[in-house]
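S.K.: Handing you this structure, nothing more for now.
The values are calculated or read from the model by the stated rules, or taken from the named source; none is laboratory data. Predicted, not measured: the structure shown is a model, and the values here were computed from it. Here Cβ is always computed from backbone atoms with ideal geometry, including for glycine, and neighbour counts include all displayed protein chains. All accessible areas refer to the heavy atoms of the entire protein, side chains included, with ligands and DNA or RNA removed. Shrake-Rupley method; radii C 1.70, N 1.55, O 1.52, S 1.80 Å.
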Amino acid sequence: MTTEFSDEILMRFADGELDPDTAAQVERAMESDDELVTRVAMFMETRAAAKDALAPLLEEPVPDHLTAAVERMVAEKKAAEGPREPSEPADASVVPFPRRAANDGNRARWIVPIAASLLAALGGYWLGADGASAPVGNTDLVAVSDPGLVEALRTVAAGDERQLAGSNQRFRAIATFRDNAQTLCREFELDSAQSSTVISVACFADPGWRVTFAVVAPADSGGYAPASSTEALDAYLQAIDAAPPMTVEEETQALSSLR
Amino acid sequence: MSPRTGRVEDQLVAFLPNLRRFAISLCGSRDVADDLVQAACERALANAERFEQGTRFDAWMFRILRNLWIDTIRRQKTAGVHEDISERQDIAGASGEREVEARLTLKSVSEAIADLPDEQREVLLLVCVEELSYREAADVLAIPIGTVMSRLARARKNLADAAGITGENMRSDIVHGAKR
C-alpha cells in the first residue's frame with residue numbers, strides 16, 4: 001500500500017505548513033518508508049543549508065554611509081512629524097545629530113530629537129506633512145540661516161526674550177559660554193506655534209552660527225522646558241567641557257566682537 | 001495618530017542587516033544592494049503610514065525592496081543597458097567556467113542559490129532564510145500561494161541537485177523522532 005505524496009506535500013510537511021490530518025498521514029507513512037523519509041529530509045536539509053549559507057551576510061557590517069543615510073532619513077521623518085504629544089515624555093525618542101563643531105575628536109555623536117519647528121527656524125526648511133522631504137544635507141541642517149535667528153543670537157542678552165523677526169516664534173537667550181575649543185556658544189530656547197519648546201545650543205563658526213545640539217520638549221508650563229529635557233542638555237554641555245556661563249559684561253564683549 | 005511603538009522609523013535602522021542580506025542575495029552585488037536598501041528605506045519612510053501595526057515589518061520591507069528591484073530590472077531592460085547586474089559574483093564568486101565545473105564538482109550552497117532562476121531564488125530566500133510563511137511570501141511576491149509552493153519545491157530540488165544535498169544527513173534526525 002503506497003500512498004503517493006507529491007514533493008509539494010512533503011515540502012509543506014517539512015516546513016510545518018501542512019494541515020494536521022495530512023501531516024499525520026505523512027508521519028504514519030514515514031514509519032515504514034525509508035525513501036519517503038529521505039525525501040522529507042531533503043527539504044529540511046535544503047532549508048537549513050540555505051539558512052546557514054546566507055548567515056554570514058547577516059554578520060557583515062552595514063556600510064557606514066548606508067547607516068548614516070538611513071539615520072538621516074529617519075531623523076527627517078521624525079522631524080516632519082513635528083513635536084511630540086504633550087503627554088509624552090520629552091526624551092522618549094532619539095535620533096542622531098552629528099556634531100560639526102570644531103574639535104569633535106572621538107566624542108560620541110549626540111543623539112537628540114530635532115523638531116520641525118527648529119528646522120523651519122534654521123533654514124526655512126519645512127518638510128512636507130506627507131513625509132516626502134527634499135534631501136537636506138547635514139550642512140544645511142545645522143547652519144543657522146534664518147535672519148531673525150541670526151540677529152537674535154548676536155544681540156539678545158542672556159535672560160532676555162524676543163519675538164523673532166518675520167516669525168511667530170519666541171527666542172529666549174539662556175546662557176553664553178565657550179566650549180573646550182574656545183568657540184563661542186549660546187544656549188537658547190525657541191517657542192513655536194505648536195506650543196513646544198526647542199532647547200538648543202548654537203556655536204559661532206565664522207561666518208555664521210551652527211546648531212550643535214537641539215532637543216524638543218513640550219512646553220506645558222508657560223513656555224519653559226521641563227527638567228527632563230534639560231538633562232540631555234546638561235550631559236551635552238558636560239561632554240563639550242562647556243565653561244561656566246559668562247557674566248553680562250563678558251557676554252556683551254564676546255557678542256560685540258562678532259560684528 | 002499611529003501608535004508610537006512599532007513605527008517604521010523606529011524599526012528601520014535595526015533591520016538594515018537583514019534587509020541588506022536580502023538585497024545582496026536578490027541582486028548579487030553589494031553596491032547595487034546598498035543603493036537598493038537606501039531607496040527602500042526612503043520609500044518605506046514616505047509610506048510609513050501604510051504599514052499596518054501588528055503585521056510583519058520584515059515582510060513589508062522585503063516587499064518594498066523587491067518591488068524596487070523589479071523596477072530596476074525593468075528599467076535596465078527598457079533602457080537597453082546590459083551591464084550585468086545579475087551576475088551574482090558577490091555571493092557565488094566570479095566563475096565564467098561555472099557551467100563546466102558544475103559537471104565535475106558540486107557547487108557550494110551559496111553558489112547554487114545564486115545560480116537559481118530569480119523566481120525560485122527569491123521565494124527560497126523569503127521562506128527558508130528569512131522564515132516567512134508561505135502566505136507571507138505570497139504577499140511579498142504578489143503571487144498565489146500555490147505558486148509559492150511550486151517554485152519553492154523546484155528551488156529546493158535544484159539546490160539539492162547542484163550542491164549534492166541528499167537528505168541523508170538529516171534522515172537520522174527524523175528517524176530518531178526529531179520531527180517538526
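S.K.: Would you check if B:Leu132 is outside any helix (DSSP H, G or I) and open to solvent by less than 20 Å² (accessible area, probe 1.4 Å)?
M.R.: Yes: the conditions hold for B:Leu132.
S.K.: For region A:213-259, give me the residue count where each residue is modelled with pLDDT under 70 and outside any helix (DSSP H, G or I).
M.R.: Selection size over region A:213-259: 11.
S.K.: With the requirement that a residue be more than 10 Å from every other protein chain (Cβ to nearest Cβ) and over 10 Å from B:Leu68 (Cβ atoms), what does region B:34-57 give you?
M.R.: B:Arg50, B:Phe51, B:Glu52, B:Gln53, B:Gly54, B:Thr55, B:Arg56, B:Phe57
S.K.: Here are some conditions: (1) in a helix (DSSP H, G or I); (2) open to solvent by 40 Å² or more (accessible area, probe 1.4 Å). A:Val37 meets all but one. Which one does it not meet?
M.R.: The single condition A:Val37 does not satisfy is (2).
S.K.: Taking the stated definitions as given, is A:Thr67 of a type in the set (S, T, N, Q), under 21 Å from B:Leu152 (Cβ atoms), in a helix (DSSP H, G or I) and out of contact with any strand residue (DSSP E or B) (no Cβ under 9 Å at 6 or more places or on another chain)?
M.R.: Answer is no for this residue.
S.K.: Against the condition of a type outside the set (A, V, I, L, M), within 9 Å of chain A (Cβ to nearest Cβ) and more than 25 Å from B:Arg121 (Cα to Cα), how does B:Asn18 come out, does it pass?
M.R.: No; evaluated as a whole, the condition is false for this residue.
S.K.: For region A:155-201, give me every one of the strands (runs of 3 or more DSSP E) that falls completely inside it and has 2 or more residues that are under 25 Å from A:Ile240 (Cβ atoms).
M.R.: Answer list for region A:155-201: A:170-178, A:184-191.
S.K.: Give the number of residues within region B:136-166 that are among the hydrophobic types (A, V, I, L, M, F, W, C), within 10 Å of another protein chain (Cβ to nearest Cβ) and open to solvent by 40 Å² or more (accessible area, probe 1.4 Å).
M.R.: Qualifying residue count, region B:136-166: 1.
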